[in-house]
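The values are calculated or read from the model by the stated rules, or taken from the named source; none is laboratory data. Because the structure is a prediction, the values reported are computed rather than measured. Cβ coordinates were reconstructed from backbone atoms using ideal geometry, including for glycine residues, and neighbour counts include every protein chain displayed.
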Amino acid sequence: MRKSISIAEPVSELRRVPIRECGEPLVNFLDYGGRLYLDRPRWNYRRETLLRETVARKLAEASKRLPRGYSFAVIEGWRPLHIQRRMHLSALQRWREMHPNWSETYLKRVVNQFSAPPDHPRVPPPHLTGGALDILLADSKGRPLDHRSPYEPRDPKGYFTEAPNLTKEAAKVRKILKETLESVGITNYPSEFWHYSFGDQGWAYRGGHPYAIYGPIAPPDYTPPAEDDTDEPLQWVYEET
């Protein structure tokens, strides 16, 4: 019998999942059609519109299965390592300011639940594999719907997919998003309602698969923009309208 899994998907568990890299390329997911939009950036760096080919195809197929009047708004797919390092640093900084009395050990444990540690030798950050994406349900014009009420923006209590006391509308939106993506095999990381993946270690862990098929990858001849390749924490730039 399989032991119960943790919604936090800790590194201590993910490192037990082997990776058998399949060699599938990264592709521009916007080229695959469907009811799909690129949402506004959350942080101050250049995003790439890349996913593994199978994930891009599944995403396009899922968008066609949405109920009439809905679409997907993708925040990001593949993310380079230097950005993941800066994002993790930003998360550490923010949570340290929110909880100055926490020990560093406990702080990192919590932060790692919401921002993948960038440098673990056996557990690559999910976005670095090209199998993970941050995505929201949107209206027919690509405007994201309400996923979080009554929680305030960036309130960690509202991050969990099954967060308590959601409004009827927010719960409905999350349900449609989850059921539609899972109908094509893209599964949700339950600590973040917006984070889904296929083929990475998180997907294998939550789905009981014997191994992951995607490890870390980068586009051929990829060169990061000089202004992004720094050691500074990222800055949050998203404002709700």
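Conditions (1) surrounded by 16 or more Cβ atoms within 10 Å (Cβ to Cβ); (2) over 18 Å from the mean Cα position of the chain (by Cα), marked per residue:
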| position | (1), (2) |
| --- | --- |
| Glu9 | yes, no |
| Glu21 | no, yes |
| Gly34 | yes, yes |
| Trp43 | yes, no |
| Ala62 | yes, no |
| Ala73 | yes, no |
| Trp78 | yes, no |
| Gln84 | yes, no |
| His88 | yes, no |
Exercise for review: Can you confirm whether segment 138-147 contains a residue that is in a helix (DSSP H, G or I) and either in contact with a helix residue (DSSP H, G or I) (Cβ under 7 Å, 6 or more places away or on another chain) or over 17 Å from Met87 (Cβ atoms) (or both)?
Suggested key: no
Exercise for review: Among the residues of segment 89-103, count how many are within 24 Å of Ala226 (Cα to Cα) and either out of contact with any helix residue (DSSP H, G or I) (no Cβ under 7 Å at 6 or more places or on another chain) or aromatic (Phe, Trp, Tyr) (or both).
Suggested key: 3
Revision key, fill the gap. The condition of being under 16 Å from the mean Cα position of the chain (by Cα) and at pLDDT 95 or above holds, among Tyr189, Tyr211, only for Tyr189
Check your understanding: Under the condition of being out of contact with any Leu (no Cβ under 9 Å at 6 or more places or on another chain) and among the small types (Gly, Ala, Ser), which residue from segment 194-211 is surrounded by the fewest Cβ atoms within 10 Å (Cβ to Cβ)?
Key -> Gly208
Check your understanding: Where residues in segment 143-189 are of a type in the set (Lys, Arg) and out of contact with any Gly (no Cβ under 6 Å at 6 or more places or on another chain), which of them is nearest to Ser71 (Cα to Cα)?
Key -> Arg143
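Each row is one residue, and each column tells you yes or no for (1) modelled with pLDDT under 95; (2) out of contact with any His (no Cβ under 7 Å at 6 or more places or on another chain); (3) among the β-branched types (Val, Ile, Thr); (4) farther than 23 Å from Asp146 by Cα.
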site	(1), (2), (3), (4)
Leu36	no, yes, no, no
Arg52	no, yes, no, yes
Leu59	no, yes, no, no
Gly69	no, yes, no, no
Val74	no, yes, yes, no
Ile83	no, yes, yes, yes
Val110	yes, yes, yes, yes
Revision key, fill the gap. Checking Ala163, Ala226 in turn, the sole residue that is aliphatic (A, V, I, L, M), touching a residue at least 12 places away in the same chain (Cβ under 8 Å), in a loop (DSSP other than H, G, I, E, B) and out of contact with any Ser or Thr (no Cβ under 6 Å at 6 or more places or on another chain) turns out to be Ala163
Check your understanding: Does segment 27-34 contain any residue that is part of a helix (DSSP H, G or I) and touching a strand residue (DSSP E or B) at 6+ places or on another chain (Cβ under 8 Å)?
Key -> yes
**Study point:** Qualifying positions in segment 101-142 - in contact with a Gly (Cβ under 9 Å, 6 or more places away or on another chain), surrounded by fewer than 15 Cβ atoms within 10 Å (Cβ to Cβ) and of a type in the set (Ser, Thr, Tyr)
**Key:** Ser140
Review point. In this structure, is Glu169 among the acidic types (Asp, Glu) and either in a loop (DSSP other than H, G, I, E, B) or closer than 21 Å to Glu24 by Cβ (or both)?
Key: no
